[in-house]
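Values in this text are rule-based calculations from the coordinates and carry no lab data. Here the structure is a predicted model, which means the values were calculated and not measured. Cβ: placed from backbone, ideal geometry, glycine included. Neighbour counts: every protein chain shown.
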Amino acid sequence: MIKFSVIVPTYKRDEKLERALESIISQTYTDFELIVVDDNPEQEDKEKVKEIVESLDKDIDLERHINDNAQGVSSARNLGIQNASGKYIAFLDDDDEWKPEKLEKEAEDFKQNNYDAVYSAIEAYRDGEVQDIVRKEEKLGLEQILERDKIGSPSKVSVKKEVLEEINGFDEDIPSGEDWDLWIRLIENEAEFGYINEPLVRYHQSDDSKSSQVDVATEGREKITEKHSDLLEKAGSKVKARHHLNRAKKQYTLRDNRGTEKHLSKTIRNNSLELEAYALFVLYLFRRLTGKDLINIAVKVKRVFK
């Protein structure tokens, strides 16, 4: 059987952690070890995590590791990878949860196709309700992943341990978007991704995530753009334009006016026929002039008529 090492980094989310761990224990596939990496700086939080871990089913193969000095989620995941004994690594963030058949369906895909990594669709939740089912492209190349993160959260991905070790795991210098950087490097290293077009993960959106914090999210993505600038140059102007367009979209959602303008300008500079950039500029200009976000209004209307 295929053995998974399930890595769960945790930081100040003891209530959500319990839900995440229960979803792992409830898996229909049982050949896995569970590695909880405690990234909490305070002893009180460490004790809460210890209590939760010790209350779990004693029949599962379970380890708890403490990441000294709260060095961040990439460091925590890398510590988990170093201590993993499984051939395949599965990640789960402490605020997300898996559906019971997640590992079973991934194991089947690995057996049948010998992929280096497998990922699935997700159910996106906010305030306890499903907001969307997010599906991704079945086939990914380097150009597609350079344009934007077309894979998403590590909670939906399982990867061969050896291919993670080949690229030295997560980049601990990137404070946000570290998963996007990992997917770029894996695909650059010719890792083959399989895709399960079925939502196997419940992804819980919240306003306290790193990707929602303007400074952290911006710094992380700036580092990714700079780090992979040579790849972007080789990919050509159209790929660069799409990369900057998607950077502009992210800064727009963060309400970062300077960042939005900067990346819209770079988009048009690389491809003046990128019509979506002009559409985003209209939305941006309307918000600057009126204070109203047409995208948010459209989302609210959609929910009413759902």
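Once you sort the root eigenvalues of the Cα gyration tensor of segment 146-271 as a ≥ b ≥ c, which label holds: rounded (a/c under 1.5), prolate (a/b larger than b/c) or oblate (the other case)? Note, shape of segment 146-271 comes out oblate.
Using a cut-off of 25 Å between Cα atoms, the listed pairs 223/249; 150/266; 111/156; 160/249 include 160/249 as exceeding that distance.
Axis angle, to the nearest 10 degrees, between helix 214-227 and the longest C-alpha principal axis of the chain: 90 degrees. Mean sequence separation of contacting Cα pairs (under 8 Å, at least six apart), scaled by the length of the chain, corresponds to a relative contact order of 16 percent.
Ranking 98, 82, 176 by Cα position along the charge dipole of the chain, where only Lys, Arg, Asp and Glu carry charges on their C-beta atoms, puts 176 farthest toward the positive end. Could you give the angle, 0 to 90 degrees to the nearest 10, between helix 14-25's Cα long axis and the longest principal axis of the Cα atoms of the chain? Taking the Cα atoms of the chain, the angle to 14-25 is about 70 degrees.
Taking the C-alpha atoms only, the angle from helix 294-304 to the longest principal axis of the chain is near 50 degrees. Here the chain is treated as an ellipsoid with the same Cα gyration tensor; its semi-axes, largest first and in whole Å, are 33, 22, 19. Volume per residue of the convex hull around the Cα atoms, evaluated for segment 236-304, comes out as 82 Å³.
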